[in-house]
Amino acid sequence: MFTKIIVATDLSAASDRVLACLPGLKPLGAKSVHLVHALGLRHLDTLKYELARLVEPRLLEQKAALEAAGFETSVEIAAGIPEFEVNRIARERGASLIAVGSHGATLAREVLIGGVALAILHRATVPVLVMRLRITEADRRPQCEAVCADFTRHILYPTDFSDNAEHAFRYLEAIVKAGAKRVTLLHVQDKARISKHLEHKLEEFNRIDTERLERHRDALRKLGATEVNIELPYGSPLQEILRVARERGVSEIVMGSQGRGFIAEVFLGSVSHQVARHAPVPVLFIPAVRE
């Protein structure tokens, strides 16, 4: 499924942690990795050769680490802005996945790779795996560690039943075929939208959406999932996704990157954006099919 992976690296210790998590993707077909470091030059292309010479040794160190982990690995230094270069290279190389690290919303300790992850996700046309990076203290200095887990151990699938969410379900089915046994299906009845004028229809909404989730559950069971749970809370979609991820011991979230009524320009205020920033575990975002 994810045979060819593009990994965005800023060559920091944080990106080392992301690379260390990649072997967990082997059950999902991961074989080759193309490491991309973008220099972020807008108008000073004459500097790119000098800068590339300076960063190449560090990039080759990361390449060697991936090869030692059993991946076919290549590297590329691009001159432009990471969010454009990574997505361009992913399209040109026919990548099946982009992997990038994000430490979340600790703005006082913002690191480059966190902002880059969101920008890449905003423009992605292939699935993006956002790895969770956590800032800790060691010897009074901030340290970065990755939240690595078996990506197939327990999948959380939040859905708003949009076309993009249904497209993401196809990927969930493939993950179950690859060996995932435990899945939690989640639909949140959005209190902010329902409470003012539609609360009297909540019972009807619950009945309809339970039937939808049950159809998904039955499909996953036929593919080999042995434990498929349904959750249908009433509240804030963001808060409920994060709560279930924490309380149910989820190892990965799989969701569409765009929900109902998606407009590209409002991505930064979307549930997807907030999940990318706050989720306690890796999140696999599936973009909508663009015609």
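Here are a few things to note about the model shown:
- Residues of the stretch 69-101 that are hydroxyl-bearing (Ser, Thr, Tyr) and under 21 Å from Glu252 (Cβ atoms): Ser96 alone.
- A single entry from Ser251, Ser236 fulfils the requirement of being under 26 Å from Leu25 (Cα atoms), polar (S, T, N, Q) and touching a strand residue (DSSP E or B) at 6+ places or on another chain (Cβ under 8 Å): Ser251.
- Taken together, Val176, Val147 contain a single residue that is of a type in the set (A, V, I, L, M), at pLDDT 95 or above and either farther than 18 Å from Ser272 by Cα or within 22 Å of the chain's Cα centre (by Cα) (or both), which is Val176.
- For the stretch 186-291, the helices (runs of 4 or more DSSP H) that sit wholly inside it and include 1 or more residues that are modelled with pLDDT of 95 or more are 202-222, 237-247.
- Boolean, Glu203 is in the same structural domain as Arg215 (by TED's automatic domain parsing), of a type in the set (Asp, Glu) and more than 30 Å from Ala30 (Cα to Cα): yes
- Unique residue being touching a Cys at 6+ places or on another chain (Cβ under 9 Å), of a type outside the set (Val, Ile, Thr) and assigned by TED's automatic domain parsing to the domain that holds Val130 when the list is Ala90, Ala69, Ala99: Ala99
- Selection of the stretch 217-256 for residues being without any contact (Cβ under 8 Å) to a residue 24 or more places away in the chain, of a type in the set (Asp, Glu) and within 25 Å of Met131 (Cα to Cα) yields only Glu247.
- Residues located in the stretch 147-182, provided they are closer than 17 Å to Asp209 by Cβ and touching a Cys at 6+ places or on another chain (Cβ under 9 Å): none
- Residues of the stretch 2-29 satisfying the condition of being over 20 Å from Ile77 (Cα atoms), buried (at least 18 other Cβ atoms within 10 Å of the Cβ) and among the aliphatic types (A, V, I, L, M): Leu22, Leu25, Leu28
- Test: residue in the stretch 81-92 that is touching a Phe, Trp or Tyr at 6+ places or on another chain (Cβ under 9 Å), of a type in the set (Val, Ile, Thr) and in contact (Cβ under 8 Å) with a residue 12 or more places away in the chain: no
The values are calculated or read from the model by the stated rules, or taken from the named source; none is laboratory data. Model, not experiment: these values are computed from the prediction. Neighbour counts run over all protein chains shown; Cβ positions are idealised from the backbone, glycine included.
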